1. It is to be established whether one or more residues within the range 192-212 are at pLDDT 75 or above, within 15 Å of TYR129 (Cβ to Cβ) and of a type outside the set (Lys, Arg).
2. Restricting attention to the range 132-153, does a residue exist that is in contact with an Asp or Glu (Cβ under 8 Å, 6 or more places away or on another chain), closer than 24 Å to GLY198 by Cα and either of a type in the set (Val, Ile, Thr) or surrounded by fewer than 16 Cβ atoms within 10 Å (Cβ to Cβ) (or both)?
3. Which ones in the range 183-204 are touching a helix residue (DSSP H, G or I) at 6+ places or on another chain (Cβ under 9 Å), surrounded by 14 or more Cβ atoms within 10 Å (Cβ to Cβ) and not aliphatic (A, V, I, L, M)?
4. Looking for something at pLDDT below 85, over 17 Å from PHE121 (Cβ atoms) and more than 24 Å from the chain's Cα centre (by Cα) - is there at least one such residue anywhere in the range 153-169?
5. Quick check on this structure: which one of LEU23, LEU85 is within 30 Å of THR192 (Cα to Cα) and either modelled with pLDDT under 80 or not basic (Lys, Arg) (or both)?
Amino acid sequence: MLKKIRKGIKGIFLTGMAAIIPLGVTLYILYLIIGMMNKLVRIVPARFHPDQLLPFHIPGLGVIITLILIFIIGLVTKSYLGKKLVSFGEIMVSKIPLVRGIYNALKQLVDAVFNDRGQSFKRAVLIEYPRKGLYSIAFVTGISRGEVQVKTAQKCVNVFVPTTPNPTSGFYIMVPEADMISLSMTVEEAFTLIISGGIVSPEDVKQIPEKGEIHANNV
């Protein structure tokens, strides 16, 4: 009887942990982001600070100022003068060897993530990696083009293979299209599977298409 009670208490405790940890981590990350935004209020001179001008305090003022600042920068950047300033800044950065490489890599990554033309990770696929007979989940990022595609014997697709449990790091691999197995799970479901180390799998397992079913218009 005592063993059953202990087992029941342990199950309830683990259930509570499973419910609170994702929520707690999410709230903590939001707390850090909002805290960083609120610190932007410090750049405002004291005499122009909203708390000095208004008879009351505005909660989340830093978040509001950050959003307004981002919007204003977006408006300026889209203007003719803003485009010229950005172009001039990029020319100056391109003359600094180490900074040039870091800036170009970050710019391309940000452009891919925030581009309106589509998702940076288009779909989840299965590839034989790190060796034949072992399979890893990867995300299609596009079709290989240019010199890389010309010098390969097969039509290749760019994929990103994330690591577990940190999917922000991983490997960029060019895989022949015919060697990939398309997955029915969404990108979000694949991320959940990777982050959990295979513990959490998509509930609805759909039929996996055959190899080579990824076409150019889908990648």
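1. yes
2. yes
3. Scanning the range 183-204 gives a single hit, PRO202.
4. Yes, there is a match, as at least one residue in the range 153-169 is at pLDDT below 85, over 17 Å from PHE121 (Cβ atoms) and more than 24 Å from the chain's Cα centre (by Cα).
5. Matching residue, one of LEU23, LEU85: LEU23.
For (1) within 30 Å of GLU189 (Cβ to Cβ); (2) at pLDDT 75 or above; (3) in contact with a strand residue (DSSP E or B) (Cβ under 6 Å, 6 or more places away or on another chain); (4) in a helix (DSSP H, G or I), each residue gets a yes or a no:
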residue: PRO55; (1), (2), (3), (4): no, no, no, no
residue: PRO59; (1), (2), (3), (4): no, no, no, no
residue: LEU67; (1), (2), (3), (4): no, yes, no, yes
residue: PHE71; (1), (2), (3), (4): no, yes, no, yes
residue: LEU109; (1), (2), (3), (4): yes, no, no, yes
residue: VAL113; (1), (2), (3), (4): yes, no, no, yes
residue: ARG117; (1), (2), (3), (4): yes, no, no, no
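The values are calculated or read from the model by the stated rules, or taken from the named source; none is laboratory data. Everything numeric here is computed off the predicted structure, so don't read it as measured data. Heads up, the Cβs are rebuilt from the backbone with ideal geometry, glycines too, and the neighbour counts pull from every protein chain shown.
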